[in-house]
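Here's the structure, in structure tokens; my notes come after.
Rule-based calculations on the coordinates, nothing more; no lab input. The structure displayed is predicted, hence computed values, not measured ones. Because the Cβ atoms are built from the backbone with ideal geometry, glycine has one as well, and the counts that use them run over all protein chains shown.
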Amino acid sequence: MPQLPDDLNAVAVRTWCSLALEALGRERAEIDAINVYPIADGDTGTNLYLTVESAHAAVEAVFAAHETRATAPATADVVRAMAHGALIGARGNSGTILAQLLRGMAGVLADGGDAAHLRLALTRAADAARRAVAHPVEGTVLTVAAAAAEAAGGEAGEAAGGEAGEAAVGEEPDLRTVVHAAYAGALAALAKTPEQLAVLGRAGVVDAGGRGLVAVLGALVETVTGQAPARGPRTGPGRTPAPVDGGSVVGLPVGGAPVEGGALPGEGVLDCPEDGGAGPAFEVIYLLEARDEQVARLRTRLDALGDSLVVVGGDGLWHVHVHVDDAGAAVEAGVEAGRPYRIRITHFATESGHDLRVQAEPTQRAVVVVVPGDGLAGLCTEAGATTVIARPGEPPASGELVDAIRRAHAREVVLLPNDAALRHTAAAAAEQARTEGVRVALVPTRAAVQGIAALAVHEPDRGFDEDVVAMTAAAGATRYAELAVAERQSWTMAGICQAGDILGLIDGDVAVIGADVPATARTVLDRMLAAGGELVTLVLGEDVPDALADALEEHVRDGYLAVDTVVYRGGHQRAPLLIGVE
């Protein structure tokens, strides 16, 4: 059994990130199940998961860098990486406010991870969030965060109730007592959210953002005690939340609502409608490189354009989130303030007050496919599919996939995510669409070339189950690879790479490290075709010359006589070359 930590050191923070990611992965669908505040777009759990996933990746990168030097990372570096990763990967209101809370905690935990520092960290994070919100609403994640800090004892060191209260008499509570108290306080506050926010009470659900924070705090309990806290029986949408009894909660509803966010003091504003009614048509999110004075002007302009405005960050890097009717104006405001990137625009479910599902007689079956570039989008559209483009650094949110399913306007939909990282996002979208009466089958394609293979065997005239089985088999029979450029020195399955090296990834793992694209591509093809194959698919990035495709076709023709090659232009995509072998 691993030794339990006495404080939140670098390894403990790493464990916390991993357990929080696992917890949100398990509970994502429950948290996504109901969104009643402020926008009913069914992606709160997914947004929280993706935010923590980004934080986890940043923490793992710190450890990977130190492993190559055979050194141990400092706790301060790890907690700052956690906060930075959450900032750059934050999704939606819920993810943004969680990133803010992690950032507030990191500012204290960088100086120490004992019980006193954790109590202070919880208080600083909760207070910073509340001060940043223009019109704080009780019954949201802000309430849950404040309750966790108060129960843990906060900055003043006066524990409130439970184990912390007992330990506070005569001695400073230890780390395990503090995390148990914080979790219990958050859980009790979560159960009361339907009493505080009318829209939650009417739906019979707790706040979704608060539910996600409880999951993250539960992971912290498991980190320091070695045992995950027990969850009470679950109840479904529309059922009455169970009362709080002695700090414990029984039968918490599984759903909740997206929550309002905020920024650290002086860094942003958020104002969400309390009634959860209809709002602006678009959610706009981007990272922004800008100076403080430019961000101050941006905040004023965006506040006039829409609501749910959150601007968090600092030191020249900011995360911007806003709901608007004019998405172009929101992006233009970012351009005027600095350099926006990773721009994501999500259209909410309704337009001009009409449900998009009732505009025409639905067709029987459709395919919705995520593609990495404009070129493949055109190809898939010609094949009759509805496409969602995943631009570099901008994976689609579940709301975008749900919108695409609605645009397909079919009774039956086959969803091809074409990316292993989108598995939870796609699952959330499928579940939401099913609640709207659409029969959705999720084929777990992990790469665009698998999606192409699945789409090639799609036959809308045969039975739905038969069609899904055929598409799944075609995707599963397609091995996939891609070429990427290493951004930094790192350890890989193929050895240590240097920044600028060309990496050949086969089925998601680095298999080849090369100096240039043509030679690396040939090596990757040889390794893939050593196991056999009948068809090679090449998808070229925007800047890759046609000469490379010609050379690779010749290489396959000369070395593998029975293998055919097809070439597509992918347009602006993350990888310079995608390869499929069937």
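How would you classify the stretch 354-476 from its alpha-carbon gyration tensor, with a ≥ b ≥ c the square roots of the eigenvalues: rounded for a/c under 1.5, else prolate if a/b is greater than b/c, otherwise oblate? Taking the square roots of the gyration eigenvalues as a ≥ b ≥ c, the stretch 354-476 is rounded. Taking amide H as placed 1.01 Å from N in the peptide plane, the amide H of residue 309 sits under 5 Å from that of 271, 323, each at least 5 places away or on another chain.
Starting from 0.36 nm per residue, how many nanometres of slack lie between residue 66 and residue 489 once their C-alpha separation is accounted for? Walk me through the numbers before you get to the answer.
Values: separation 423, 0.36 × 423 = 152.28 nm, distance 1.09 nm.
Contour length minus the Cα-Cα distance gives 151.2 nm.
Evaluated at q = 0.14, 0.19, 0.22 Å⁻¹, the base-10 log of the normalised Debye intensity for the stretch 455-577, with identical point scatterers placed on the Cα atoms, takes the values -0.68, -1.08, -1.28.
Could you tell me the distance between the Cα centroids of the stretch 47-125 and the stretch 279-311, to the nearest Å? When both Cα centres are located, 24 Å separates them. Residue order for 286, 49, fewest other beta carbons within 10 angstrom first, comes to 286, 49.
Karplus-derived 3J(HN,Hα) values for the stretch 407-420, using 6.51 cos²θ - 1.76 cosθ + 1.60 with θ = phi - 60°, are 5, 5, 6, 10, 6, 10, 9, 9, 9, 10, x, 6, 6, 4 Hz; glycine and proline are entered as x.
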